[in-house]
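Beneath this line is the structure, given in structure tokens, with notes to follow.
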Amino acid sequence: MADVQQAGLLQRSAAHYGPRMATLAALVVAGIMGLLRLGDSWWQLATATYFGVLFAQLGFLGHDAGHQQIFRAKQRNDRFGLVVATLGVGLSYGWWVDKHNRHHRNPNEVGRDPDVERNVLAWTASQASRQRGLLRVIARHQHVAFFPLLLLEGWNLHVGSVRALAQRSGHRVLESSLLFVHVAGSLTLLFTVLPPLKAVAFIVVQQSVLGLYLGSAFAPNHKGMEMPAGGGRSDFLRRQVLTSRDITGGRLTAAVFGGLNYQIEHHLFPSMPSRNLRRCSPIVREFCRARNITYTETNVFASYRWVLRYLRSVQPDPTL
């Protein structure tokens, strides 16, 4: 921790996020202008793909705000997160922050980490054995179904957002209003420029790309890593390092993954600005080596093979 602090890696500065914010804002404006200029055309599906990728990048920026990485004041981070995530992407910022913080406190621990709850996919043999019907079939072949199912992740996040806002929460009125403006504005724009069939196709493609991108960015970070059993509690360092995996690849990989390819460092220092995680990596790697703690890093393609092999190994008990 002392080495990290001395290097100034925990210092937050909105100015350092300025170029990233300006670039994304310019890309949003360029996308809207392109949408209007292209008009009634099936080439708008390329525009939909563009917005799917762009919304994921906005989601990464909202993620940083949720971890208080951008501004020094919590209120400013949260206000910015509401604008980027709820108004910009159409996802409940408050719901996601609560869910994500629970993941950080107990990564990969069934019953504590919401990211390994049983849903369409099963993360343990016990979960797979409790699946029934179509979900049971998926459980037997989920390594094959994984990437196709990610096409639905964007929709899943929207459903989770609406469910959360339907319940009592601190930002219920504000977030609901921002979400309504996002949906109403997006639909008005699309159905004004495009006929109904093309507008619906645009939405399907855009949301599918968003889900595929986000799922592909988050899955390599933890899936297939150690899954702590409830009860026995390891120390914070081992709990975060042994359940996480870094993805190598340099600045381009960091840009594509929103900096989250340095997942070990992110879990150890959640409020560290994502731009500093790359510089933090050698410090953490050496710290773990000196204490004989496994520090896992691999390239992006190997990480996906790792995830798929793990999913293939999770099979339902045929006697249950």
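Here, each number is a calculation from the coordinates, and none is a lab measurement. Keep in mind that this is a model prediction, so the values were computed, not measured. Using ideal geometry, Cβ is built from the backbone for each residue, glycine included, and neighbour counts are taken over all protein chains shown.
A few notes on this one:
- Filter result for the condition that a residue is assigned to a helix (DSSP H, G or I), without any contact (Cβ under 8 Å) to a residue 40 or more places away in the chain and closer than 19 Å to residue 185 by Cα, over 18, 34, 52: 34
- Meets criteria (surrounded by 15 or more Cβ atoms within 10 Å (Cβ to Cβ) and under 19 Å from the mean Cα position of the chain (by Cα)) for residue 107: yes
- Any hit, region 212-231, residues being among the charged types (D, E, K, R), out of contact with any Pro (no Cβ under 6 Å at 6 or more places or on another chain) and assigned to a helix (DSSP H, G or I): no
- Top-ranked residue in region 37-49 [being of a type in the set (A, V, I, L, M) and closer than 19 Å to residue 185 by Cβ; ranked as nearest to the chain's Cα centre (by Cα)]: 48
- Search result, residues across region 85-97 that are in a helix (DSSP H, G or I) and closer than 19 Å to residue 203 by Cα: 85, 86, 87, 88, 89
- Region 20-35, residues that are of a type in the set (A, V, I, L, M, F, W, C) and surrounded by 11 or more Cβ atoms within 10 Å (Cβ to Cβ): 21, 24, 25, 27, 28, 30, 32, 35
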